[in-house]
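Q: Here you go, one structure.
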Amino acid sequence: MKEVSRRRLLAATGASAGLASSAGCLGGLGFSTDDGNGADTTGETDDGTSDLMPLERWVPTTGSVELLFHYRDLATVRQHEDALQPAVLESIPTMPDGDSSEVVEQVADGEPAVDSICRFGSEGVAGNVVVSGSFDPDAVDATFESAAGNFDRFERDGVSVAISEETLVVSPSDGADLETILAAGVEGTDRRVDSHGNFAQLVDRVRDSTFLWGEYEGSDNGVGAAFSWELDAERATYSGIALYADADGTDEFEDAMADRSANLTVETDGNVGVATRTVPIEEYEYRDLFAERGSQSTEPYAGVSLDTDRKPNAVVVMYHSSGTADRVEVRDESGVRVELTEVGQAETIEYESGTSATITVVAVRGDEESVLITETVSF
């Protein structure tokens, strides 16, 4: 299990290899000392202000041994919308998907009322959702039961929902128990960040993220990985973090990162490896590496990046996370050029000078396919 986890960690943070050109997507994990984001309402609670980010506040100790999570700070996105490309603003999801979307639409007076979205759970069931913003509980056509703090609770189609004027918490039937989530978020009990030391290390390094994707497996000495972008007035800072059970893993991290991009700054601190890169905010491109998935069957997906700057006249394809795919195929006009079947695998496709091609990356699961990336390259 430890060896599998190490390969996944290196594959995860290897997303940084694709930050040049089209693969840019994941970012800043709290190492910036410039608080360019201004006021952030996502840390407010029903009992007053708090500096806890959602992963600290809401994720209970009990639940998934293998925890997947992603987070979007939409309040910060709106603050910097004039500097971001219009296509980026259009591509950022402003509502959660799945069971929680309908409820949020009912209680939020338009999308700007949503300040942040945090989703967490097991692989394939990342269904627990915490949405912060400004909500009208009376807009819900349901019979309420009292819950913790200022929250009311109701059930709909097997989904448990707790709502206050500032927060909406959704727990599907196959997710973590709603009472357990509320106990962590409202009463401050049984929080994973308090009982799992390595998870606390990971969270501490992502607390300023604007966009965050990650995973954590194990208990106190578990392993994890996270990708993040942190946006401020002028910059978008990417960070890829690998968290190991012990400090020996960071040697492997440094070796792997040294082969990937000269534009990365690589640091280690005990059992944590961090790779960072900064670009002007107007060059930032959004791509959801861990697209939101509920418990229902969906088309195959995987985490993949393309890098056209790593080798002359070549495209380097990196397989970061398998998602629900059995394999990934990379195709151009001549057909399937390479197949990637192992997370962490990288393949190079070489071209003659003066040629161009349209690269299509496809996730495959059984007879199902879905297109992950389409990009035209010229050499």
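Q: If R₀ is 41 angstrom, what is the calculated FRET efficiency for the pair Ser378 and Glu234, using the beta carbon separation as r and rounding to 0.05?
A: 0.85
Q: Treat every Asp and Glu Cβ in the stretch 120-171 as -1 and every Lys and Arg Cβ as +1, leave all other atoms uncharged, and give the resulting dipole magnitude about the Cα centre to the nearest 20 debye.
A: Computed about the Cα centre, the dipole is about 180 debye.
Q: Given N residues in the stretch 140-224, what is its alpha carbon radius of gyration divided by 2.2 N^0.38 Å?
A: 1.27
Q: So between Val336 and Glu66, what do we pick up on full extension, going 0.36 nm a residue minus the alpha carbon distance?
A: Net length gain for the segment: 93.9 nm.
Q: Which whole-number value in Å² is the accessible area per residue of the stretch 322-379, probe 1.4 Å?
A: Using a 1.4 Å probe on heavy atoms only, each residue of the stretch 322-379 averages 52 Å².
Q: Can you compute the modelled spin-label distance between Glu347 and Arg78, with each label point 7 Å from Cα toward Cβ, in nm?
A: 4.4 nm
Q: Now a separate question. Highest mean first, what order results for 265-276, 160-171 on Cβ atoms within 10 Å?
A: Those peptides, ordered most packed to least, come out 160-171, 265-276.
Q: So if each residue of separation counts as 0.36 nm, and I subtract the Cα-Cα distance between Glu105 and Glu90, what length gain in nm does that give?
A: 3.6 nm
Q: Ordered by packing density, taken as the mean number of other Cβ atoms within 10 Å over each peptide's residues, highest first, how do 142-152, 348-358 rank?
A: The packing order, highest mean first, is 142-152, 348-358.
Q: Based on the Cβ-Cβ distance from Thr358 to Asp194, what FRET efficiency comes out when R0 is 41 Å, to the nearest 0.05?
A: Between Thr358 and Asp194 the formula returns 0.25.
The values are calculated or read from the model by the stated rules, or taken from the named source; none is laboratory data. As the structure is a computational prediction, the values presented were derived from the model and not from experiment. Because the Cβ atoms are built from the backbone with ideal geometry, glycine has one as well, and the counts that use them run over all protein chains shown. Accessible surface is based on the protein model in full, side chains and every heavy atom, while ligands, DNA and RNA are left aside. Shrake-Rupley method; radii C 1.70, N 1.55, O 1.52, S 1.80 Å.
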